[in-house]
Amino acid sequence: MNLLKKLDGMTFRLSCTALMVIGVTACTPDKQITETPVVAAKPKNVILFIGDGMGVSTVTAIRIYEGQLRGMSGEENTLSWEAFPRVALSKTYNTNQQVPDSAGTATAIYTGVKTKAGVLGVGPDVIRADCASTPGTELPTILELAEEQGLSTGVVTTARLTHATPGASYAHISERDWEADSEMPKEALEQGCKDVALQFVDFNKGNGIEVALGGGRRNFLPATMIDPEYAIKTGERHDGRDLTREWQAKHPDGAYVWNAEQFAAIDPAATDRLLGLFEPGHMQYDYDRTKDGSREPSLAEMTEKAIKVLSRNDKGYFLMVEGGRIDHGHHDGRAAMALTDGVALNEAVKMADSLTDDADTLIIVTADHSHTFIMAGYPTRGNPILGKVIGNDDHGNPEKTYSLMEDGKPYTTLGYQNGPGGIWPADDHHYERRDLTDVDTTDPEFVQQALLPRKSETHGGEDVAIYAKGAGAEKIGGVMEQNLIFDALKQVLPSEK
Ligand SMILES: [Zn+2]
């Protein structure tokens, strides 16, 4: 007890698991020890983690999954951000949409202004996909403000660098899908609107973005050019421009890399600027990345290098790190992919925490929106989170066989309200749920069952959590409009001090 009390007053974290490792048996799983105290100073550095689509049910499932990977029962596990002292709820709706998309939500976080779904870095007066309506609606982003005030900035994602969440930090455009010029209507090009990739290379605030790592290489390369990694793929641009070369010409101090070997060879202590584009499209799911020894860095490795490059600036930095494919796993109805990418995000947050000091760095972990992801049924304690439900008997002990629904078939703990695993109408209009008795639902290819049939599972509209620690973390608390996260981020700006 005394030891626990003493530990409570210290400023570093000891999870229950760690306490048990060092022999403190008094620690019980429901005794959550959080880091204390919240440091009141303004942050010199801000690191914002966005788990794309990482709603609260997803966090719970990642927690159990990550614990079970380490041989635990799982429910009692603590993810890196779950020990942060500040927690809040974020209301994620867009100005014109009850259930939001990532473009509008990212814009709200980076600019402090809620806006419409589908638009990047522009306010709600814009008309989506209408180039002519853009002028005058552009909103300064935290990344631009940080650059203008002499800080270093970075954007790291496992999605395309031009995708909604990273794109909203540097681009101002009325349509998120205009990632390359080839995806824009002729009219928009004639009216002078620039695609997202071009806006990245033309970015001219401060001395430019120092670190940008992710996928989306095809949007930077001309359609006439063969991709360096895949002989059967080409670039996407119709204007003939190789934006990776233009970026290098514009930034002679910068290094451009496109695979893990080149990335590993980068010495952050001797690198001022780094652009990495590791796939033509999104980077791989972390499950696939680790399975075949692929030529891509992990999210934690990208986070580490980004922090080391950015911290060379004594004035401080703003870094956004997105676990971009948690969202895609959910859209595919494949919980295993969402959860393994969630574990990768957990590693990245751990990395950031270990490289920084609470006294001068604010770390925020949140999601842009939720999904229709459900954890339900009455599985016994420690039941495999991706498995079929085995319940408890009348005496509270695990049953010997799977629990059955009223249709006489087993079911999984994890499922979706809609998605590809929905019950699709058969030719005779007879709807029937698939029998999972002989199906290995822990197989990474497995698609979770859903109520409603839809090719791509949708986002969810309930609140998501915000976790914060370090300097300025007290700005996070209560039930917050999502755009108020900006008030916490902007504390990094010298003008706010
Ligand atoms: Zn999505």
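All of the numbers you see were taken from the coordinates with simple rules; none came from a lab. Since this is a predicted model, take the numbers as computed values, not measurements. Heads up, the Cβs are rebuilt from the backbone with ideal geometry, glycines too, and the neighbour counts pull from every protein chain shown.
Selection among 378, 265, 415 by position relative to the dipole of the chain gives 265 as farthest towards the positive end (Cβ unit charges, Cα centre).
If both residues of a DSSP beta bridge must be in the chain, then about 35% of such bridges are antiparallel. The distance between label points at residue 127 and residue 404 comes to 5.9 nm (points 7 Å beyond Cα on the Cα→Cβ vector).
Would you work out which of 482, 185, 290 lies farthest towards the positive end of the dipole of the chain, given +1 charges on the beta-carbon of Lys and Arg and -1 on that of Asp and Glu, about the Cα centre? Going by the charge dipole, the pick is 482. Listing 110, 256 from fewest to most neighbouring C-beta atoms within 10 Å gives 256, 110.
Each Lys and Arg contributes +1 and each Asp and Glu -1, all at the Cβ; summed about the Cα centre of region 321-442, the dipole is approximately 260 debye. Placing pseudo-labels 7 Å out from each Cα toward the beta carbon at residue 439 and residue 314 gives an inter-label distance of 6.1 nm. Placing +1 on the Cβ of every Lys and Arg and -1 on the Cβ of every Asp and Glu, with no other charges, gives region 456-497 a dipole of roughly 340 debye about its Cα centre.
Placing a pseudo-label 7 Å from each Cα along the Cα-to-Cβ vector at residue 265 and residue 354 gives an inter-label distance of 2.6 nm.
A DSSP coil position with no more than 15 other Cβ atoms inside 10 Å describes the following trypsin sites (Lys or Arg not before Pro) in region 371-458: 381, 400, 433, 434, 455. If R0 is 35 Å, the Cβ-Cβ spacing of residue 432 and residue 97 corresponds to a FRET efficiency of close to 0.55. Kirkwood-based Rg over Rh for the chain (C-alpha set), two decimals? Expressed as Rg/Rh, it is 0.98. Neighbour counts of C-beta atoms inside 10 Å place 467, 431, 170, 93 in the sequence 431, 93, 467, 170, starting with the fewest. Using the Cα coordinates of region 88-242, the gyration tensor eigenvalues translate into equivalent-ellipsoid semi-axes of 25, 18, 15 Å, sorted from longest to shortest. With contributions of -39500 (n - 2.57) from each DSSP H run of at least four residues, the per-residue ellipticity at 222 nm computed over the chain stands at -6500 deg cm²/dmol.
Scanning the chain for GluC sites (Glu not before Pro) that sit in a DSSP loop and have at most 11 other Cβ atoms within 10 Å, the longest stretch containing none of them is 1-405. Fewest neighbouring Cβ atoms within 10 Å first, the residues 373, 263, 84, 220 line up as 263, 84, 373, 220. Straight-distance candidates among the lysines for linking to residue 308, with alpha-carbon spacing under 19 Å and chain neighbours fewer than 8 residues away dropped: 44, 350. Each Cα pair under 8 Å and six or more residues apart adds its separation to the average, and for the chain the resulting relative contact order is 24 percent.
Simple point charges give the picture: +1 on the Cβ of Lys and Arg, -1 on the Cβ of Asp and Glu, and for the chain a dipole about the Cα centre of about 1120 debye.
Local charge for residue 266 was computed over the other residues whose Cβ lies under 14 Å away, with Lys and Arg +1 and Asp and Glu -1, and equals -3. Counting Lys and Arg as +1 and Asp and Glu as -1 over every other residue whose Cβ lies under 15 Å from the Cβ of residue 222, the net charge comes to -3.
Per-residue extension of 0.36 nm, minus the Cα-Cα distance of residue 246 and residue 380, leaves a gain of 42.5 nm for this segment. Along the charge dipole of region 89-142, which of 129, 112, 98 sits closest to the positive end, that is, farthest toward it, with unit charges on the beta carbon of Lys, Arg, Asp and Glu (+1, +1, -1, -1)? Farthest towards the positive pole: 98. The trypsin sites (Lys or Arg not before Pro) of region 37-121 that DSSP puts in a loop, and whose beta carbon has at most 13 other beta carbons within 10 Å, are 70. One equal scatterer on each Cα of region 447-495, no solvent, Debye formula: the resulting log10 I(q)/I(0) at q = 0.28, 0.31, 0.32 Å⁻¹ is -1.16, -1.31, -1.35. Using only alpha-carbon positions in region 280-342, the gyration tensor eigenvalues give semi-axes of 27, 14, 9 Å once each is multiplied by 5 and square-rooted (largest first). Note on region 152-239: percent of Cα-Cα distances in each 5 Å bin, starting at 0 and stopping at the bin with the largest distance, equals 3, 15, 24, 24, 19, 11, 4, 0. Within region 119-147, name every residue whose backbone N is under 17 Å away from a label modeled 7 Å from Cα of residue 187 along the Cβ vector. Label zone hits: 126-135. For region 81-240, the relative contact order is 19 percent, taking Cα pairs closer than 8 Å that sit 6 or more residues apart in sequence and dividing their mean separation by the residue count.
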